[in-house]
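See structure below.
The values are calculated or read from the model by the stated rules, or taken from the named source; none is laboratory data. Only a predicted model underlies this, so the values are computations on that prediction, with no experimental measurement involved. Here the Cβ positions follow ideal geometry from the backbone for every residue, glycine too, while neighbour counts run over all protein chains shown. Note: accessible area is taken over every heavy atom of the protein model, side chains too, but ligands, DNA and RNA are not part of it. Shrake-Rupley method; radii C 1.70, N 1.55, O 1.52, S 1.80 Å.
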Amino acid sequence: MKEVLKQVRDYLMSGVSYMIPAVVVGGIFIAAALATGSPGESGMEVTSPFMENILLLGVAGFTMMVPILGGYIAYGIAGKPALVPGMIAGYVANMPIGDSEVKAGFLGAIILGLFAGFIVKWIKTWKVPNILRPVMPIFIIPIVSVGIVGLTYLYLLAKPMGMMMTSMTEGLLGMTDGSLVLLAIILGFMIAFDMGGPVNKVACLFAFGLMAEGVYTIMGIIAIAICTPPLGMGLATLLNKKKYSAQEKEAGKAALAMGTIGITEGAIPFAAADPLRVIPSIMIGSATGAVIGALAVVNNYAPHGGPIVLPVIDNRLWYVIAILAGTTVTALLVNALKKEKSNDLSNEEVA
């Protein structure tokens, strides 16, 4: 079992190492663009035509991020024939399910990337006539593997996932009259759990809906929880550099920039590479900040998060304190759990 887990981790690291440049490009460009914007009805709005183009390039980087992750996880398992099937699986995982806006996100890309890789690895064992061997990697393997993985997701996994997200939303609505602290803990966990994925989006949409009814405290809680995962992971790479590879240190710098403007996805490279240590750490960190925000009754009047929305926050001092607390808890906890990188991994480069 230990050997199997090590192999799975190697597959995940294959995807992460190729994904990080897309995260860095997307995060830096989006951060630069949104930093010049102002809070609006739909979040931070960019008005400069030049910065709109910068934002477009950043969004393109983020759009490519999830398919690259799925593709190179599959590539790590079965080589070049698995690359396109894995990318298509990752792309589908990041598409809305049916008529809703729910996506499987990066967690879906990991699952489908692994699925695609093992399907391709299985197909490569087929004994086929010599005349078919040249077209196996460019015709038969892509078509068969994409068909199996894609249709399995669309017909078997997508609808149950959508139903699960709907149930979660209804459950949250039922808690609005209960304990605000308990709700803050749950929302903090949800925001950090999949970092911009479907669970995260359910929490955000829940807060957006309450804003329309004049309730702004929930959005304040969300705004704090949104930024602590990337800020916490960025701080963690600065506090203990021996526990992170060269690539992760660079991703940490991008994560700090993304956290500043409320992009939770900045923590994804770390979570994908080491989910068992990183995801619980960022969930606890986000919940810590969220609880402080709830107790201080921090109101946020913009549907966005992070330090960038400070001008439209009530109780700004407590908002900053909550972010600092959640960030610090995340960094200290994840560094306590992680082991030091060996020299060969710390100098790891993408070929």
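If each DSSP helix of 4+ residues adds -39,500 (n - 2.57) and the sum is divided by the residues in the chain, what number results at 222 nm, nearest 500 deg cm²/dmol? Numbers along the way, then the final one.
Working: 14 runs with 241 residues, N = 351.
Mean residue ellipticity, 222 nm, calculated: -23000 deg cm²/dmol.
Which of these, R277, R133, R316, has the largest mean-square fluctuation under a Gaussian network model of the chain (Cα springs below 10 Å)? Highest fluctuation of the listed residues: R133. Sites listed here are trypsin sites (Lys or Arg not before Pro) in region 50-132 whose DSSP assignment is loop and whose Cβ has at most 16 other Cβ atoms within 10 Å: K124, K127.
Counting only protein heavy atoms and using a 1.4 Å probe, what share of the accessible area of region 222-351 belongs to carbon plus sulfur, as a whole percent? Write down the numbers at each step before the final one.
Working: 3130 of 4950 Å².
Within region 222-351, the accessible surface is 63 percent carbon and sulfur.
Take the chain with all the other protein chains still there, run a 1.4 Å probe, and you get 46 Å² of accessible area per residue. With 26 Å as the limit, the listed pairs K80/K201; K121/K339; K124/K339; K2/K339; K80/K338 have K80/K201; K121/K339; K124/K339; K80/K338 beyond it between alpha carbons.
Of the heavy-atom accessible surface of region 1-96 (probe 1.4 angstrom), what whole percent is carbon and sulfur?
Details: 3150 of 4610 Å².
Here carbon and sulfur together make up 68 percent of the probe-accessible area.
Taking only complete DSSP H runs, can you tell me which helices of the chain stretch 18 Å or more along their own long axis by Cα positions and average at least -1.0 on the Kyte-Doolittle scale?
Details: long enough: 2-34 (44 Å, 1.03); 49-78 (44 Å, 1.43); 105-123 (26 Å, 2.06); 158-173 (23 Å, 0.43); 180-193 (19 Å, 3.11); 198-212 (21 Å, 1.47); 217-239 (32 Å, 1.87); 246-260 (22 Å, -0.34); 275-295 (29 Å, 1.43); 316-337 (32 Å, 1.60).
Going by DSSP H runs, the hits are 2-34, 49-78, 105-123, 158-173, 180-193, 198-212, 217-239, 246-260, 275-295, 316-337.
Of the residues P311, S245, V298, the one whose Cα sits farthest towards the positive end of the charge dipole of region 242-351 is V298 (charges of +1 on Lys and Arg Cβ, -1 on Asp and Glu Cβ, taken about the Cα centre). For the chain, the relative contact order works out to 18 percent when only alpha carbon pairs closer than 8 Å and six or more residues apart are counted.
Translational D (Stokes-Einstein, µm²/s) of region 27-148 at 20 °C and 1.002 mPa s when Rh comes from the Kirkwood sum over C-alpha pairs? Reported coefficient: 133 µm²/s.
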